Amino acid sequence: MKIIYTPEAISDLEQLREFITEENPKAAKRIANALQYGIKKLKEFPKLGLEVKKANSELIRDLILGDYTVRYLILKEYFYILRTWHQKEDWEKTSKGELPFKIDPLK
């Protein structure tokens with residue numbers, strides 16, 4: 001299965017890296033590696049994350065990696081990484097399980 005990052009997920013990860021790097025560059029690298037490792041595990045275990053109940057679909061799930069949540073969508077041969085956030089953040093926009101973009105169903 002192929003992993004595709006939405007523009008929103010890329011922005012989340014960039015902001016996360018910038019924020020953590022200012023305070024602790026070593027921690028930023030460690031966290032980035034942990035997130036990458038956890039996301040790659042989805043190829044082996046697609047339903048590793050928890051269902052997002054508000055999404056009314058078992059295809060939208062939250063992968064908890066330490067203090068971080070990675071919301072993703074399982075679709076055919078692809079994983080879409082939708083958003084990533086720290087547990088202490090208030091992500092009202094992600095709590096509804098709505099997709100922040102259009103998906104090409106032909107992929």
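State which entries of Lys26/Lys54; Lys54/Lys76; Lys41/Lys88; Lys29/Lys53; Lys26/Lys53 exceed 30 angstrom in Cα-Cα distance in the structure shown. Each step should come with its number before you reach the end.
Numbers: Lys26/Lys54 36 Å; Lys54/Lys76 21 Å; Lys41/Lys88 24 Å; Lys29/Lys53 32 Å; Lys26/Lys53 35 Å.
The answer is Lys26/Lys54; Lys29/Lys53; Lys26/Lys53.
For a quick size check, give me the Cα extents of segment 2-89 along its three principal axes, largest first, whole Å.
On the principal axes, segment 2-89 reaches 38, 25, 23 Å in Cα extent.
Starting from the Cα of Ile64, move 7 Å in the Cα-to-Cβ direction to define the label point; list residues of segment 32-57 whose amide nitrogen is under 20 Å from there.
32, 34-43, 45-57, by backbone N distance to the label point.
How far apart, in nm, are the 7 Å Cα→Cβ label points at Gln15 and Tyr78?
2.3 nm
Gap in Å between the Cα centre of segment 20-43 and the Cα centre of segment 64-78?
Here the two parts' Cα centres lie 14 Å apart.
How far, in nm, would the chain grow between Asn24 and Phe45 when pulled straight, counting 0.36 nm per residue and subtracting the alpha carbon separation?
Extra length from Asn24 to Phe45 when fully extended: 4.4 nm.
Quick note: the coordinates plus some simple rules give every number you see, no bench work behind them. Keep in mind the model is a prediction, meaning the values are calculated, not measured. Every residue, glycine as well, gets a Cβ built from its backbone with ideal geometry; the counts of neighbours run over all protein chains shown.
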